[in-house]
1. Taking the condition within 20 Å of Ile36 (Cβ to Cβ) and either modelled with pLDDT of 85 or more or not aromatic (Phe, Trp, Tyr) (or both), does Glu178 pass?
2. Look at segment 408-429 and say how many of its residues are of a type outside the set (A, V, I, L, M) and crowded, with 17+ Cβ neighbours inside 10 Å.
3. Return the only residue of Ala325, Ala291 being under 30 Å from Phe154 (Cα atoms) and under 41 Å from the mean Cα position of the chain (by Cα).
4. What pairs can you find where one residue is in segment 313-335 and of a type outside the set (A, V, I, L, M), the other is assigned to a loop (DSSP other than H, G, I, E, B), and their Cβ atoms are less than 6 Å apart, with a gap of 6+ or different chains?
5. Considering only segment 32-58, state which residues are of a type in the set (Lys, Arg) and either under 10 Å from the mean Cα position of the chain (by Cα) or surrounded by 15 or more Cβ atoms within 10 Å (Cβ to Cβ) (or both).
6. Residues that are of a type in the set (A, V, I, L, M, F, W, C) and at pLDDT below 50: find the helices (runs of 4 or more DSSP H) completely inside segment 1-77 holding 3 or more of those.
7. Based on this model, can you work out whether Asn395 counts as farther than 30 Å from Arg144 by Cβ, over 31 Å from the mean Cα position of the chain (by Cα), at pLDDT below 90 and not in a loop (DSSP other than H, G, I, E, B)?
8. When residues of segment 89-124 are filtered for being at pLDDT 80 or above and outside any helix (DSSP H, G or I), how many remain?
Amino acid sequence: MRLTHGLYWPIFCILLTLSFKVSAQQESNSLLESYIEEGLLNNLALKQKNFEFEKSLQTVRQARSLMYPALSLEARYSVARGGRSEEIPVGDLVNPVYQSLNALLDAAENIPGPIDIPDTRFPEFVPNDEINFLRETDQETKLRLYQPVFQPEFIIRKRIADNFSELMASQRDVYERELVAQIKTAYYQYLIAIEVETVVEDALKLVDNHLENARKILKLKKSTSYPVYRIEAEKSKLEAELAEVEGNIAIAKAYFNFLLNRSLNEEIEVDANKNIDLLEIANIEDYLESAINKREEVNQLNLGISTAKEQRKLEVSRKWPTLSAVVDYGIQGEKYSFGADDDFFIGSLVFRWNIFSGLRQNARVQEAQVEIERRTVQKEEVTNQIRLEVMRQHNALKTSRKKMEAAQSEYEAASRGFDIVEALYRNEKSTLLEWLDGRNLLTRSSKSLVIRKYEHLIQWADFQRVIGM
């Protein structure tokens, strides 16, 4: 049976483009980098992290404002009825005096001579006066200026707020690093899907060509119908595999666009150059210290320890005295008026010292000290966990490199073997089963090479996340 070798050559050329080279240069993919920049700019989860960071900055401003002077306008207008009162015996004091004076005036009128006697008389029934302690109406309107003079608590609260803001920024940086790894992984998974689709499509074209030849030979009655049925079965299997791959492409595309906050069906641009540059895998010691120094989690724990120490200082500072200055200026009286006798001014220095609080403050100081020790132990634990994670990912990276190299060797062997079996089959010196086995082996090794290559890049992306790159 004659076979057409022309359709095999394109698939061989396409598979050759899946080859790779190893160098010490860093992976250079401007297209992927542009996608990463787009993701860092548009990702919705990262935007939420940025909002949390902006919120923490406002917390810092609030803490800083505690040390600034505060000016407020305060007004009060009161209406009162009843309450305590005090009687003043004005009538009891002046009525006898007035009666005596009136009697003297009456007597003076009877004295002969030119005496000028007034006609008016003093009131003899002046009532006693009653004063209420509560005014029926009363108002006070003033401007109050408050300035902390010595308030150690406010200074410490500002430092705690600074640490909180740095913590929010560090958490945002952690998510940025994870997002970069997720975008790289999603992009490589999409490349796996589309390149596997190319492999399956070209294998399907090759099978279609052989199926056409088999049908021609069957019409000439030079063979039985078995080759036709066998190749048709192989074609059905490839079509089912192609349908599965197309579904994987749709899912990979949707997830990648989701990370970039784009339409889920938006097309993804792919670099035509399939060659990749791989980083040289250095000794693990070169990565351990880098991970400890660069991982945001360690910085977060350092901030946590610093915050716990500031919290302890805060509790201690509450034992110290405080001093504040208060200045009031305004008007007061039974009604609103702005005369010279209505305004007032008061300046005060307010001193406060909590001398004894039932040992509650000492307990709070000890609680803060325990928190410092807990966070210190937690930092040691997380540091060891990072070292373990680096070791595990380093071993996984080396394993993926070996798997990729093994896949390359497998593909090269399968390609040479298929060349031989196809030449034999074309000259009717090999069976159909041998040809199908060679073709299946070549397709499997081609897909394996694609998968292992990008799995290694995915492993690199995850390793870079682990070491803080």
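1. Answer is yes for this residue.
2. So the count comes out to 7.
3. After ruling out the rest, the residue left standing is Ala325.
4. Pairs that qualify, where the first residue is of a type outside the set (A, V, I, L, M) and the partner is assigned to a loop (DSSP other than H, G, I, E, B), are Pro321/Trp353; Thr322/Gln151; Gly333/Asp342; Glu334/Arg135.
5. If the condition is that a residue be of a type in the set (Lys, Arg) and either under 10 Å from the mean Cα position of the chain (by Cα) or surrounded by 15 or more Cβ atoms within 10 Å (Cβ to Cβ) (or both), then Lys47, Lys49 are the ones that fit.
6. Result: 8-16.
7. It is false that Asn395 is farther than 30 Å from Arg144 by Cβ, over 31 Å from the mean Cα position of the chain (by Cα), at pLDDT below 90 and not in a loop (DSSP other than H, G, I, E, B).
8. Number satisfying all stated conditions: 2.
The values are calculated or read from the model by the stated rules, or taken from the named source; none is laboratory data. No experiment lies behind these values; they were computed from the predicted model shown. Positions of Cβ are generated from backbone atoms using ideal geometry, with glycine treated the same way; all protein chains shown enter the neighbour counts.
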